[in-house]
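Below is one structure, written out as structure tokens; comments come after it.
The values are calculated or read from the model by the stated rules, or taken from the named source; none is laboratory data. Note that the structure is a prediction, hence the values are computed from the model and not measured. Cβ coordinates were reconstructed from backbone atoms using ideal geometry, including for glycine residues, and neighbour counts include every protein chain displayed.
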Amino acid sequence: MSNEKIKLTLPDGSVREYDKGVTGLDVAMSISEGLARNVLAAKFNGNVIDAFRVITEDGTFQLLTWNDKEGKSTFWHSSAHLMAEALEALYPGVKLGIGPPIENGFYYDVDFGDREFTAAELPKIEEKMLELARQKNAFSRRDISKKDAVAYFEKKGDPYKLELIADLTDGTISFYEQGNFTDLCRGPHIPNTGFIKATKILNIAGAYWRGNEKNKQLTRLYGITFPKQGELKEYLELLEEAKKRDHRKIGKELELFTFSEKVGKGLPLWLPKGAILRERLENFMRKAQVKAGYDQVVSPHIGSKELYVTSGHYEKYGKDSFQPINTPEEGEEFLLKPMNCPHHCEMYKSKPRSYKDLPVRYAEFGTVYRYEQSGELHGLTRVRGFTQDDAHIFCRPDQVKEEFAKVIDLVLYVFKSLGFSDYNAQVSLRDPETPEKYIGTEENWVIAENAIIEVAAAKGLKTTVELGEAAFYGPKLDFMVKDALGRNWQLGTIQVDYTLPDRFELEYVGADNQKHRPVMIHRAPFGSMERFVAILIESTAGEFPLWLSPEQIAILPISEKFHDYANQVRLMLQENDIRGNVDERDEKIGRKIRDAEIKKIPFMLIVGEKEAESKTIALREHGKGDIGTFSGSEFVDYFGKRIKMSLAGEKEA
């Protein structure tokens, strides 16, 4: 090792000096042997690298373990290679596509040729993976010329790897090897296979090579691994609970929404109870927006193609949108609306504006359409038509931070009211490696990015920074919410945009009597109503906050004799904005109670002879049992208190 020294700046700001050519594992060992045993990878100057990769220059440095997102991702990337090695050992001649890590686990696309592969074979693959893992084979990286890479996979007879290599530039290609397996890969990887102690192949699916339906369909094996067997057990238990909470299952049971092949894939149909749920959410947001100074607007479901050419949406998303609608007039084309913002820009432009008029805040529950691939559609979380609680604020540059801070307050109010208490904020910035993905000037991007970072810090938000997650026209602050199962969802987004005002030539007359460009802030606290409802269903298991429940009460008469009194109660409660129905079925009261419990109706009002005579109700609460006897007015008061607690995000007890 050279006597030359380099300086590494650690996450705590301390600077340590090491010999040039040091590895992440060497750094870990210099800190503690225990840390070295748990290091999976390292981060140097913002890039994740192998813990065994040599470092030859000064820079920022971080060690990554299972507790880090990038550490898990590296672990699962290596696990995909381990599964591929097991597949080659068990099925000689198998052809391999790609095997990346994903949010939870990894997958590998495999061509089994003429062999019929079934789920019955998964246990032996898992067993083989663990057998290979116990060998503790080291991962090693080898840079290779394009010519040699082609020669290797030509000899192996692997057309998929050869196709990938054809797209690569000579001098940028690397192989990774462990045990008897070699793969084309950029890395990074964990030090050796011995870290992998538990494995499960979760699912088999079909996947067209490179996502193109014209290509051959491969078999995609989804897997997950852990450094401890107990963690796998906990994860599988979590999956079982997630199945019970699946919004598609609960949505059907509670009669909230449905889909129809005749209507079209990815186009949800909201049933009466689901429509009530949506209406409550919309009214809740409208009330909050009026208080915050927004004006409600409405825009059409289609727009001229030229509108989206001007905004840049057609260039960026045109291929993934529904195809243009051609009218009888020659050359006239419309698109189903993919975004609301271009329409709002034209609304702003409808009359002259003064600096005294700003900010202008337009809000709309606007339905937009994106042509998602059929294989990507999933219940309400991935659809082709969805409604955004969209708003656009047009303000002066000196108002940006104040307006941005007010939107953060609105988002946090929504989270509190809906019981989302575990969240952090993601600062989504440009990827410096792919500048072609974005529009606008460097100067305006820097201003917008700095504004988001400064306001988030001033609000005391817990933030992370993600490169490459910005919108094509500006950086964002995305709110990542953890649900009841510990899963992270992106809910709520705020974006600062200097670009669309330029493209639409938006103006206001300043105090200097000169024309200036406004700044545009895009915001959607719910995001899409469809996705928000799906997440809400899964997080609450369908037990919504009282103010939001489509059916807040069920009135259960003991027999037909008490139907008239039960309906009198219903009408009285309806006048007090308490929603519910009378169960007039010819069923025993025990059955009616059980059915109301299954439907997760918060309150059951039981009426019989005693209640009809005394003009009272016997009250039961979902999941808790009998509460007591109430007069109609007493129940209205009690219900009102519970609604206030529910809206305040307090525990309903």
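Computed values, structure above
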quantity: Segment 193-227, residues that are more than 26 Å from ALA133 (Cα to Cα) and part of a strand (DSSP E or B); calculated: GLY206, ALA207, TYR208, GLN217
quantity: From the options LEU162, LEU63, residue that is crowded, with 22+ Cβ neighbours inside 10 Å and at negative phi; calculated: LEU63
quantity: Helices (runs of 4 or more DSSP H) wholly inside segment 580-653 that include at least 2 residues being in contact with a strand residue (DSSP E or B) (Cβ under 7 Å, 6 or more places away or on another chain); calculated: 589-598, 632-647
quantity: Any hit, segment 414-423, residues being charged (D, E, K, R) and surrounded by 16 or more Cβ atoms within 10 Å (Cβ to Cβ); calculated: no
quantity: Pairs with Cβ under 8 Å, 6+ apart, first in segment 311-330 and assigned by TED's automatic domain parsing to the domain that holds ASP502, second β-branched (Val, Ile, Thr); calculated: GLY312/ILE439; GLY312/THR499; GLU315/VAL309; ILE325/ILE302
quantity: Residue in segment 378-390 that is assigned to a strand (DSSP E or B), modelled with pLDDT of 90 or more and among the basic types (Lys, Arg) present; calculated: yes
quantity: Selected residue (criterion: nearest to LYS599 (Cα to Cα)) from residues of segment 228-270 that are without any contact (Cβ under 8 Å) to a residue 40 or more places away in the chain, of a type in the set (Asp, Glu) and in a helix (DSSP H, G or I); calculated: GLU240
quantity: Failed condition for TYR355, given (1) surrounded by fewer than 19 Cβ atoms within 10 Å (Cβ to Cβ); (2) within 29 Å of the chain's Cα centre (by Cα); (3) not acidic (Asp, Glu); calculated: (2)
quantity: Residues of segment 524-541 classified as buried (at least 20 other Cβ atoms within 10 Å of the Cβ) and in a loop (DSSP other than H, G, I, E, B), total; calculated: 3
quantity: Number of the exception - ASP502 against (1) surrounded by 17 or more Cβ atoms within 10 Å (Cβ to Cβ); (2) at pLDDT below 95; (3) under 30 Å from ARG430 (Cβ atoms); calculated: (1)
quantity: Condition met for LYS273 (among the basic types (Lys, Arg), in contact (Cβ under 8 Å) with a residue 24 or more places away in the chain, out of contact with any helix residue (DSSP H, G or I) (no Cβ under 6 Å at 6 or more places or on another chain) and not in a strand (DSSP E or B)); calculated: yes
quantity: Hey, HIS563 in contact (Cβ under 8 Å) with a residue 40 or more places away in the chain and either assigned by TED's automatic domain parsing to the domain that holds PRO272 or not polar (S, T, N, Q) (or both) or not; calculated: no
quantity: Criterion violated by ILE598 - all others in (1) surrounded by 18 or more Cβ atoms within 10 Å (Cβ to Cβ); (2) out of contact with any Lys or Arg (no Cβ under 6 Å at 6 or more places or on another chain) satisfied; calculated: (1)
quantity: Which listed residue is farther than 25 Å from PRO159 by Cα, in a helix (DSSP H, G or I) and not small (Gly, Ala, Ser), from THR60, THR74; calculated: THR74
quantity: Some residue of segment 356-371 being part of a helix (DSSP H, G or I) and of a type in the set (Ser, Thr, Tyr); calculated: no
quantity: Candidate set: segment 497-523, residues that are within 20 Å of TYR308 (Cα to Cα) and in a strand (DSSP E or B); chosen: the one farthest from the chain's Cα centre (by Cα); calculated: VAL519
quantity: Candidate set from segment 297-337 (those that are touching a Gly at 6+ places or on another chain (Cβ under 7 Å) and over 21 Å from ILE439 (Cβ atoms)); member that is modelled with the lowest pLDDT; calculated: PHE334
quantity: Residues that are at negative phi and out of contact with any Gly (no Cβ under 6 Å at 6 or more places or on another chain), drawn from segment 210-221; calculated: ASN212, GLU213, LYS214, ASN215, LYS216, THR219, ARG220, LEU221
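Listed here are the residues, each with its yes/no results for (1) assigned to a strand (DSSP E or B); (2) in contact with a Ser or Thr (Cβ under 6 Å, 6 or more places away or on another chain); (3) in contact (Cβ under 8 Å) with a residue 40 or more places away in the chain.
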{"site": "LEU410", "(1), (2), (3)": "no, no, yes"}
{"site": "GLU436", "(1), (2), (3)": "no, no, no"}
{"site": "ALA451", "(1), (2), (3)": "no, no, yes"}
{"site": "VAL455", "(1), (2), (3)": "no, no, yes"}
{"site": "LEU461", "(1), (2), (3)": "no, no, yes"}
{"site": "GLU469", "(1), (2), (3)": "no, yes, yes"}
{"site": "PHE479", "(1), (2), (3)": "yes, no, yes"}
{"site": "TRP489", "(1), (2), (3)": "yes, no, yes"}
